[in-house]
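Just so you know, all these numbers are worked out from the coordinates, no wet-lab data involved. This is a predicted model, so every value here is computed, not measured. A quick note on method: Cβ atoms are made from the backbone with ideal geometry, for glycine too, and the neighbour counts reach across all protein chains shown.
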Amino acid sequence: MKILAVDDHPTNLEIIRVLLRPSGHTVLTAQNGDQALLAVRTELPDLVFMDLAMPGEIDGLEATRRIKADPATAHVVVIALTAMVKLDDRAGAIAAGCDDFIRKPYTRRQLLEAMTRFIPSMAPSPVAIPAPHR
């Protein structure tokens, strides 16, 4: 699966890479809304983990609005990752077009569960455990 992680803090991007790399996903990164829009249009990721609070003219909410407004990219799943904690933050993210909302700090399990909720084919395949030799 091709995933785009968008965050203005390089450390947060590296955390997502480290958490998802063992699952075999391709993780692309962008550090602002402009880069995110370019990456979504050129790479067509399956899913975007979008930080909402980024500096510049295009924050995560605006980038999401533009992704969802473009017929070529409207199908891309966008999951907000944010440290915002007010009750209306989730509603604002959903109104902007985010498909889900995860608060920071998050776990690998939360990321994977969100991914499989929206892209069922993402569910990890069962690992066969050989029977003990007798």
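Worth pointing out:
- Farthest toward positive dipole pole in the chain [+1 Lys/Arg, -1 Asp/Glu at C-beta], among Q110, G97, P71: Q110
- Near the amide H of T29, within less than 5 Å, lie the amide hydrogens of A5, all on another chain or at least 5 residues away, with H placed in the peptide plane.
- Between Q110 and T26, the contour length at 0.36 nm per residue exceeds the Cα-Cα span by 28.4 nm.
- Inter-centroid distance (Cα atoms) of region 1-34 relative to region 55-125, Å: 13
- By the rule of a C-alpha distance below 22 Å, with chain neighbours fewer than 8 residues away ignored, the lysines paired with K68 are K2.
- Shown for the chain are no DSSP H helices, since none reaches 27 Å along its axis, judged by Cα atoms, with a mean Kyte-Doolittle hydropathy of at least -0.5.
- Structure-derived mean projected area of the Cα convex hull in nm² - corresponding label in (i) 8.2; (ii) 9.3; (iii) 12.6: (ii)
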